[in-house]
């Protein structure tokens with residue numbers, strides 16, 4: 001079974017548009033035969049986990065002692081397999097290293113860090129060739145803005161290691177093309 005890490009913000013609440021989109025992506029991944037891996041907590045992570053679990057998929061939550069000492073939160077109830085890390089840094093590398101591909105939904109500073117760190121790892125380990133797909137106009141503007149202003153610092157081979165798509169259905173379609181089961 002191929003494992004897809006999904007990055008995204010902790011802010012979306014049940015019933016919000018962002019939560020519903022993440023729930024939809026989790027359902028697509030779970031019913032499509034992919035295992036999902038998230039940070040295991042609230043917001044996007046919860047919605048992805050819930051969608052995948054309700055569709056019969058395997059749900060991995062990568063949790064962290066450091067986060068739980070900073071924020072009173074526990075793994076969401078849809079996590080079937082918990083992978084615990086002592087620090088946020090360790091957690092990031094578990095999410096990146098132990099997947100076959102990644103999709104990033106809207107989020108904040110943490111999600112941006114996850115995207116950029118994974119992109120950097122793909123640059124220095126090109127043999128891994130994992131898909132990195134970012135969803136929505138916010139990431140499209142961010143990535144294309146970065147490349148239009150500073151693209152001369154990013155070789156063409158590395159610019160194409162990240163794919164921007166408008167919505168979760170497009171993300172799932174793009175993933176299936178490059179990482180079929």
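The values are calculated or read from the model by the stated rules, or taken from the named source; none is laboratory data. Note that the structure is predicted; figures quoted are calculated from it, not measured. Backbone-built Cβ (ideal geometry, glycine too); neighbour counts: all protein chains shown.
Would you confirm whether or not the stretch 162-177 contains a residue that is more than 29 Å from residue 14 (Cβ to Cβ), more than 16 Å from the chain's Cα centre (by Cα) and modelled with pLDDT of 95 or more? Before the answer, list the steps.
Going residue by residue through the stretch 162-177, those that are more than 29 Å from residue 14 (Cβ to Cβ) are 162, 177.
Of the ones still in play, those that are also more than 16 Å from the chain's Cα centre (by Cα) are 177.
Then keep just the ones that are modelled with pLDDT of 95 or more; that gives 177.
Scanning the stretch 162-177, I find at least one residue that is more than 29 Å from residue 14 (Cβ to Cβ), more than 16 Å from the chain's Cα centre (by Cα) and modelled with pLDDT of 95 or more, so the answer is yes.
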task = Please tell me if residue 94 is part of a helix (DSSP H, G or I), in contact with a strand residue (DSSP E or B) (Cβ under 8 Å, 6 or more places away or on another chain) and touching a residue at least 24 places away in the same chain (Cβ under 8 Å).
result = yes
remark   = Going through (1) farther than 19 Å from residue 168 by Cβ; (2) loosely packed, with under 14 Cβ neighbours inside 10 Å; (3) out of contact with any helix residue (DSSP H, G or I) (no Cβ under 8 Å at 6 or more places or on another chain) one by one, residue 108 fails only at (1)
request  = Would you mind stating whether residue 121 is outside any loop (DSSP other than H, G, I, E, B), without any contact (Cβ under 8 Å) to a residue 12 or more places away in the chain and either more than 25 Å from residue 21 (Cβ to Cβ) or in contact with a helix residue (DSSP H, G or I) (Cβ under 9 Å, 6 or more places away or on another chain) (or both)?
outcome  = no
inquiry  = Among the residues that make up the stretch 50-64, is at least one of them out of contact with any strand residue (DSSP E or B) (no Cβ under 8 Å at 6 or more places or on another chain) and over 16 Å from residue 14 (Cβ atoms)?
reply    = yes
ask   = Is one or more of the residues making up the stretch 24-31 crowded, with 23+ Cβ neighbours inside 10 Å and part of a loop (DSSP other than H, G, I, E, B)?
value = no
Test for residue 71: is it surrounded by fewer than 15 Cβ atoms within 10 Å (Cβ to Cβ), at pLDDT below 95 and more than 14 Å from the chain's Cα centre (by Cα) = yes
Filtered residues of the stretch 156-179 (kept if in contact with a helix residue (DSSP H, G or I) (Cβ under 8 Å, 6 or more places away or on another chain) and without any contact (Cβ under 8 Å) to a residue 60 or more places away in the chain) = 157, 158, 159, 161, 162, 163, 164, 165, 166
ask   = Among the residues of the stretch 124-145, which ones are free of Cβ contacts under 8 Å to residues at least 12 places away in the same chain and touching a helix residue (DSSP H, G or I) at 6+ places or on another chain (Cβ under 9 Å)?
value = 128, 129
Number of the exception - residue 70 against (1) farther than 23 Å from residue 51 by Cβ; (2) in contact with a strand residue (DSSP E or B) (Cβ under 6 Å, 6 or more places away or on another chain) = (2)
